[in-house]
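Heads up, the thing below is written out as C-alpha cells.
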Amino acid sequence: MSDDIVLDVHDLHTHFFLRRGVVKAVDGVSFSLRRGEVLGLVGESGCGKSVTALSLLRLLPKGAARTVQGEIELEGEDILKTSDREMRQIRGRKIAMILQDPQTSLNPVFSIGNQLRETIAKHFPGPGGTVTQRAIEALRNVRLAAPEQRMDQYPHQLSGGMKQRVVGAIAISCEPLVMIADEPTTALDVTIQLQYLNLLKELQEASNMAILFITHDFGVVAKMCDHVAVMYAGRIVERGPVRQVFDNPTHPYTQALIASVPKMGDQRGRLHTIEGQPPEFSDLPVGCRFAPRCAFVEDKCLSTYPTDFSVGNGHTSACWKLEKPE
Amino acid sequence: MRRYILQRLWQGVILLILVTTIVFFLGRLTGNPADLMLPEDATEEDRQALIETLGLDAPIHEQFIIFISNAVRGDLGDSHRYRTPVVEIFFSRLPNTLMIVPAAMILAILMAVPLGILSALRRGGLIDKFSGTIAVLGIATPNFWLGMVLIYVFSVQLGWLPSARMGGFEHYVLPTITLGTFLVAGFMRLIRSSMLDILDSEFVKLARIKGMSETTVVWKHCLRNALIPVLTLWGVFMGGLVTGAIVTETVFAWPGIGRLTYEAVIFRDYPLLQAVILMDALLILLINLMVDILYAYIDPRIRLAE
Ligand SMILES: Nc1ncnc2c1ncn2[C@@H]1O[C@H](COP(=O)(O)OP(=O)(O)O)[C@@H](O)[C@H]1O
Ligand SMILES: [Mg+2]
C-alpha cells in the first residue's frame, strides 16, 4: 500500500529568523498522505499549522523564514530540491490550497472568471473557449448557482460563503493530488460552515484527492478526517486514526483539546479551556513542551522530550506516561 | 457607471457655479474695478465715463446677471493690458501648458511606477534607499528653487539645455523635470507603501499558490491595486500641479496659462485674472473627471457600485 502515498513529509524543520532570535515554528514534523486520505492537522492557534502548510508549497515569507531541514516527497520526488520553475508547476496543479479568509483571498479588481481562468490557463493551456468551459465547470462543481453569470462578477458582489466556494473552485479546477485546507470555515458564518464542510467532503470523494485539513476544532476533525495529527508548539504529539484518537486520546494535550469541544446536550453549557499558555517559541522547555501545563507532569517530562510510543493500530503518542515499565 | 459619471459631472457644475460667484463678488469687494484700470493721472470725469461704459453703475445683482450671461456665451471681457478678449488670450496660451503638464505626468508615471514597485520588492535595498532620498528631496524642494538650480547647472554652467522659452525637444526637458519632480516623489512613495501592503495580502498569497509567476503577481495582481491610492489622493497632486505650472512657467518664461495667471496678477489685469481663474477651474474639473473615470475603470467596486 505504500506506493499509494502521494505526499510524504519527513522531519520538516521551518524556522523564522527574526531580530529577536530564531523561531522554530515547525520543528521536526513528519506525516504522510495517501491517495484519497483526509488527514487532520489540529492544534491551538500559533502552533505552526499554517507554517507547515506554506512549507509544503515553499511559499514562506521571503527573507524571514526558511525550511532548514527535512524532505517533502510528492509522488516520490523531493520538492525541496526542485527548481522554482518546476515548483510553480506543482502549485495549483499538484498541490492546491484554500486559505482561511474568503474576504481577502480574491483579488478585488479582477473578475471571478479572470482569476479562475488564469489558473487553468497556466496548468492546462488551450484555446480560450476550453479554458472558460473548464472554469464554469469548476464553479458548477462547487455548487455555485448560475456559474456562467458568476464569471463576470467581482468578489465584492459575492457573499463570504460564495467567495469561499470560488476559492474552492480555483483549488479543484486543476484536479490536484493534494489539497490543503487551512481553517477553511473559520471565517464563515456558523450557519454555512457545515454546508462548506459537506461540499469539501463531496469534492474529495468525487475526485479521490488527498486533503490536509487544518483546524483548531476537534469537532470538525471528527466529521471530516480519516486520520489526525495533533500539533503542539511546532511538533506532532499524537497521531492515529480519527476514531481511535477521539475515543481513546492518550496525550494529555489531546485529551484537553477533545474536552474543549462543546458537546451536544452538555447541560453545564460551559467550554473547557486548557489552562496556561503555549510556550514561547524563543524559550522552549528542554523536555516535553506541554509539561508546564500538564496535570500529569513528572521529573522526566521536564528533562527529556518523549519519543513516540505506539498505542496500537498506527496510533502513537509522545508522552512519557505511555512508556512501558521493563 | 453612468450614474457615477453623471454624479461627478453634476458636482463639477455646482463647483463651477460656486467658483464663478466667488470670483465675481471678490472682484467687487476689493473696490471698484474701474479704479484698477485707470491710469494714475485720470480725472474724475474719466472715471465716471469708464464706470458707465463697463456698466459698473448698475445694481450689483444686475451686474452679476450680465456677467453670467456673458460668461455663458464665452465672453469674459477684454484684457486691459492686451486689449483683446481674455478668452482668446487664454486659448492661445492653453496649448503650451497642455504640452508640459502631460509630459510631467508621463514622466511621473514612467519613473514612479517602476521605482515604487522595485523599492517595495527590494525593501531596504539600494534602489529603495536611492528613490527614498529622491522622494524626500522632491517633496521638500520648492519648484521655483529646483527650476533655478536646474537652469544654473544645465544652462548656465554646462550649457547643455536652453533656460527659457519654447522651442525644440531640448526646451521641454528642464520645465518637465521641474514640474514633474513633485509628482514623481509623491506617486513613488504612495506606490511603494501600497505595494508593501499588497505584497503581504492574502490574494497575492493565493496568486502564488495558484502557480503564477512573480511577473504576473507583481504586474497583474499588485500593480492595479497599487494605483488605487494614487487616484484616491489625486486631489492633492492636482493642487501641486496647478501651483507647479504657475511657478514653472514663470521661471522658464514659458508662455502657457500658468505664466498668464502670474502676469494677470502682476499687471493687475482684473478681467484677465477673472477669466484665468474660471478657465483654470474648468480645466481642473475636466482633468478630475478623467481621473474619476480612470478610477472607475481600475476599481470595479467603484464602477459597479449602485
Ligand atoms: N510572519 C511571521 N513572522 C514571524 N513569526 C511568524 C510569522 N508567521 C508565523 N510565525 C511564528 O510561527 C508560529 C506558527 O504560526 P502559524 O503556523 O501561523 O500558526 P497556526 O498554527 O495558528 O497556523 C507562530 O506562533 C509565530 O511564532
Ligand atoms: Mg493558521
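The values are calculated or read from the model by the stated rules, or taken from the named source; none is laboratory data. All values reported here derive from a predicted model rather than from experimental measurement. Ideal geometry is used to build each Cβ from the backbone, glycine not excepted, and the neighbour counts take in all protein chains shown. Please note that ligands, DNA and RNA were not included when accessible areas were found on the heavy atoms of the full protein model with its side chains. Shrake-Rupley method; radii C 1.70, N 1.55, O 1.52, S 1.80 Å.
Of the set (1) away from chain B (no Cβ under 13 Å); (2) at pLDDT below 95, all apply to A:VAL38 but (2).
Quick one: count up the residues across segment A:91-117 that are assigned to a strand (DSSP E or B) and facing chain B (nearest Cβ under 8 Å). Before you say what the answer is, go through the steps one by one.
Taking segment A:91-117 and keeping what is assigned to a strand (DSSP E or B), we get A:91, A:95-98.
With the extra rule that they be facing chain B (nearest Cβ under 8 Å), the set shrinks to A:91, A:96-97.
Number of matching residues: 3.
Residue count for segment A:12-28 satisfying the condition of being farther than 18 Å from A:ILE236 by Cβ and either open to solvent by 30 Å² or more (accessible area, probe 1.4 Å) or not in a strand (DSSP E or B) (or both): 6.
If the condition is being open to solvent by 20 Å² or more (accessible area, probe 1.4 Å) and touching a Gly at 6+ places or on another chain (Cβ under 6 Å), then segment B:271-288 contributes only B:LEU285.
Which one is nearest to the other protein chains (Cβ to nearest Cβ) among residues in segment A:216-227 that are of a type outside the set (Asp, Glu) and either away from ligand 1 (no atom under 15 Å from the Cβ) or open to solvent by 10 Å² or more (accessible area, probe 1.4 Å) (or both)?
As a first pass, look at segment A:216-227 and keep what is of a type outside the set (Asp, Glu): A:216, A:218-225, A:227.
Next, only the ones that are either away from ligand 1 (no atom under 15 Å from the Cβ) or open to solvent by 10 Å² or more (accessible area, probe 1.4 Å) (or both) stay: A:216, A:219-220, A:222-225, A:227.
On the way: A:HIS216: 18, A:GLY219: 25, A:VAL220: 21, A:ALA222: 27, A:LYS223: 25, A:MET224: 21, A:CYS225: 22, A:HIS227: 24 Å.
Of everything passing the filter in segment A:216-227, A:HIS216 is nearest to the other protein chains (Cβ to nearest Cβ).
Pairs linking a residue in segment B:208-223 that is more than 8 Å from chain A (Cβ to nearest Cβ) to a residue that is charged (D, E, K, R) and part of a helix (DSSP H, G or I), with Cβ atoms under 7 Å and 6 or more positions apart or on different chains, are B:VAL217/B:ARG208. Would segment A:123-131 turn up any residue that is more than 16 Å from ligand 1 (Cβ to nearest atom), in contact (Cβ under 8 Å) with a residue 24 or more places away in the chain and within 14 Å of another protein chain (Cβ to nearest Cβ)? Yes, segment A:123-131 has at least one match. Number of residues in segment A:41-59 that are among the charged types (D, E, K, R), modelled with pLDDT of 95 or more and more than 8 Å from ligand 2 (Cβ to nearest atom) equals 1. Among the residues making up segment B:252-263, a single one is without any contact (Cβ under 8 Å) to a residue 24 or more places away in the chain and either in contact with a Leu (Cβ under 6 Å, 6 or more places away or on another chain) or open to solvent by 40 Å² or more (accessible area, probe 1.4 Å) (or both): B:TYR262.
Residue check: B:ALA226 meets all listed conditions (1) away from every other protein chain (no Cβ under 14 Å); (2) small (Gly, Ala, Ser); (3) closer than 25 Å to B:VAL113 by Cβ but one, namely (1). Being in contact (Cβ under 8 Å) with a residue 12 or more places away in the chain and either touching a Cys at 6+ places or on another chain (Cβ under 9 Å) or not hydrophobic (A, V, I, L, M, F, W, C) (or both) is the requirement here; does A:ARG134 meet it? Here the answer is yes, as A:ARG134 does meet what is asked.
Out of curiosity, is A:ASP84 open to solvent by 20 Å² or more (accessible area, probe 1.4 Å), within 16 Å of ligand 2 (Cβ to nearest atom) and within 30 Å of A:THR14 (Cα to Cα)?
On the way: open to solvent by 20 Å² or more (accessible area, probe 1.4 Å): yes; within 16 Å of ligand 2 (Cβ to nearest atom): no; within 30 Å of A:THR14 (Cα to Cα): yes.
Considered against the rule, which asks whether it is open to solvent by 20 Å² or more (accessible area, probe 1.4 Å), within 16 Å of ligand 2 (Cβ to nearest atom) and within 30 Å of A:THR14 (Cα to Cα), A:ASP84 comes out as no.
Exactly one residue out of A:ILE112, A:ILE98, A:ILE120 is more than 21 Å from the chain's Cα centre (by Cα) and either under 24 Å from B:MET195 (Cα atoms) or within 16 Å of ligand 2 (Cβ to nearest atom) (or both): that is A:ILE112.
Look at (1) away from ligand 1 (no atom under 11 Å from the Cβ); (2) among the hydroxyl-bearing types (Ser, Thr, Tyr); (3) under 17 Å from the mean Cα position of the chain (by Cα) and you find that A:SER50 fails only one, number (1).
For segment A:16-25, state whether one or more residues are within 16 Å of ligand 1 (Cβ to nearest atom), out of contact with any strand residue (DSSP E or B) (no Cβ under 8 Å at 6 or more places or on another chain) and closer than 24 Å to A:LYS223 by Cβ. Before the answer, list the steps.
First, the residues of segment A:16-25 that are within 16 Å of ligand 1 (Cβ to nearest atom): A:16-25.
Keeping just the survivors that are out of contact with any strand residue (DSSP E or B) (no Cβ under 8 Å at 6 or more places or on another chain) gives A:18-21.
Cutting the leftovers down to closer than 24 Å to A:LYS223 by Cβ gives us none.
No, segment A:16-25 has no match at all.
It is to be established whether one or more residues within segment A:58-73 are out of contact with any Gly (no Cβ under 9 Å at 6 or more places or on another chain), open to solvent by 20 Å² or more (accessible area, probe 1.4 Å) and more than 16 Å from ligand 1 (Cβ to nearest atom). For segment A:58-73, residues out of contact with any Gly (no Cβ under 9 Å at 6 or more places or on another chain), open to solvent by 20 Å² or more (accessible area, probe 1.4 Å) and more than 16 Å from ligand 1 (Cβ to nearest atom): present. Annotation: A:THR316 fulfils all but one of (1) of a type outside the set (Lys, Arg); (2) open to solvent by 40 Å² or more (accessible area, probe 1.4 Å); (3) outside any loop (DSSP other than H, G, I, E, B); the unmet one is (2).
The set of residues from segment A:216-232 being at pLDDT 95 or above and within 16 Å of ligand 2 (Cβ to nearest atom) comprises A:ALA229, A:VAL230, A:MET231, A:TYR232. Among the numbered conditions (1) over 28 Å from A:HIS13 (Cβ atoms); (2) of a type outside the set (Ser, Thr, Tyr); (3) within 14 Å of the chain's Cα centre (by Cα), the only one that A:ILE192 does not meet is (3). Number of residues in segment A:42-97 that are touching a Cys at 6+ places or on another chain (Cβ under 9 Å) and among the aliphatic types (A, V, I, L, M) equals 2.
A search for C-beta distances below 6 Å between a residue of segment B:100-124 that is over 10 Å from B:THR176 (Cα atoms) and any residue that is of a type outside the set (Ser, Thr, Tyr) and open to solvent by 30 Å² or more (accessible area, probe 1.4 Å), counting only pairs 6+ apart in sequence or on different chains, returns B:GLY116/B:ARG192; B:LEU118/B:ILE127; B:SER119/B:ILE127; B:SER119/B:ARG192; B:ALA120/B:ARG192; B:ALA120/B:LEU196. Being outside any helix (DSSP H, G or I), open to solvent by 10 Å² or more (accessible area, probe 1.4 Å) and within 16 Å of ligand 2 (Cβ to nearest atom) is a condition met by no residue of segment A:160-178. Return yes or no: is A:MET151 within 14 Å of chain B (Cβ to nearest Cβ) and open to solvent by less than 10 Å² (accessible area, probe 1.4 Å)? The answer is no for A:MET151.
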